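The values are calculated or read from the model by the stated rules, or taken from the named source; none is laboratory data. Only a predicted model underlies this, so the values are computations on that prediction, with no experimental measurement involved. Neighbour counts are summed over all protein chains in view; Cβ atoms, including those assigned to glycine, are modelled from backbone coordinates with ideal geometry. Note: areas computed on protein heavy atoms with side chains; ligands, DNA, RNA excluded. Shrake-Rupley method; radii C 1.70, N 1.55, O 1.52, S 1.80 Å.
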Amino acid sequence: MKFLKTKKNYTHQENDQILEEWNNLSIKNGQGEIETDGVAYKGGINSFRNDNGIMIHERMEGNEEGIWNNSDKRILFVAKELNDPKNPYDSRVVMSFDPDNGIIPTHKFLKAMLFITSGLLNSTEKHAAEFNRYESMEKLMADWDKAAVAKINVKKQPGGSTSSFAEISKAMEDYKEFLVKQVQLLNANIIVCCDGRGVILNAIKDWVYPNAKKVNDFVWYDKEADTLLINSYHLSARKSYKNLYDRVISSYVDALAKLK
C-alpha cells in the first residue's frame, strides 16, 4: 500500500497562526499560555543556559517543511499534554542528537517515538521491521531526520502528564475548533494516538475523519483522506520499548495487508 502525498502544503506560519488564536483564547479563559507544537524541527542545534543555569539543546528550523510536504508517509504522534507542569515550551525543538557533545535523547517518550518512526519507515504490508532494543542512536536519528514526523498534544496548557481523561476530553471540546484546524493542516497519513484508551483517537476520528472504518483492533482507515489512525499506548507508559513498538507496528502492518 502506497500513501498519497499531501494535497495542501503545511507551513509553520499557518500552524503558528492556529496556535496564536488558540493561545489567545486560552489566556482569555484564564488558562494561561499554551505550548507550540507541529512538524518537528530538523535543523542544527542551538545550545544555551536557561535562567536556572541548566544547559538546553534545541533543534532549529531546517528542511522539515519540504520533507513533510513531499512525503507519502507523514507520521503524526498525538499525545495528551506536556510533561512539564508549568513551562509551555516549543516541543518541535526537543529531538537533538550530537553524541560528540553528549547530546542524546533520553526521555522515554522521545526514544519510543524514535523506535516507532523507524519501524513505520521500514515496514510494509509484507514485512514488519523487527524491533531491536540495541539499535544505534545514529541509525534511529538518521531515520528520524529523513522521516516526515510531527508531534502535537491535544491539551496545550502544561499539565505535567497528570490531567485526568475527563480533563483531557474537556480541553479537546473547549478548543475543538483549533485542534481540528491543526490536524487538518497537518494532513498526516499515519496518526499514532498515544493514550491507550482511545479517547484521542475517537475524538480525531469523529471530528476530522468521520468516514474512517475499523480495520483491526487498533487501527481505523479513512479511504478518502488516505489516513490510518492507530490506537497506541501512551509512549511513557510502564511498558517495555518492545511492547510500545509492537502495539503500533504489528497493528500497522496487519492493516496494510488487509487494505492492500
Which entries in Lys151/Lys239; Lys156/Lys181; Lys111/Lys214; Lys156/Lys223; Lys42/Lys239 show an alpha-carbon gap greater than 24 Å?
-> Lys111/Lys214; Lys156/Lys223; Lys42/Lys239
Which whole-angstrom value gives the distance between the alpha carbon centres of region 6-76 and region 195-234?
-> 24 Å
Pulled fully out, how much extra length does the chain show between Arg49 and Ile27, if you take 0.36 nm times their separation in residues and subtract their Cα-Cα distance?
-> 5.1 nm
How much accessible area does Trp220 have with a 1.4 Å probe, in Å² rounded to the nearest 10?
-> 60 Å²
When each of Lys73/Lys242; Lys126/Lys260; Lys170/Lys213 is checked by Cα-Cα distance, pairs over 18 Å | Lys73/Lys242; Lys170/Lys213
Using a 1.4 Å probe and counting only protein heavy atoms, arrange Lys73, Lys126, Lys176 so the residue with the most accessible area comes first.
-> Lys126, Lys176, Lys73
Extension gain from Ile56 to Gln17, taking 0.36 nm per residue of separation minus the Cα-Cα distance = 11.4 nm
Computed on Cα atoms, Rg of the chain relative to 2.2 N^0.38 Å comes out at 0.96
State whether region 137-189 is rounded, prolate or oblate according to the following rule on the C-alpha gyration tensor (a ≥ b ≥ c being the square roots of its eigenvalues): a/c under 1.5 gives rounded; otherwise a/b larger than b/c gives prolate, and the remaining case gives oblate.
-> oblate
Hey, what's the per residue convex hull volume over the C-alpha atoms of region 1-131, in cubic angstrom?
-> 148 Å³
Solvent exposure ordering (accessible area, 1.4 Å, most first) of Asp143, Asp84 = Asp84, Asp143
Per residue convex hull volume, Cα only, region 84-167, in Å³ is 137 Å³
Paramagnetic reach from Asn63 in region 147-179 [backbone N under 19 Å; point 7 Å along Cα→Cβ] = 147-150
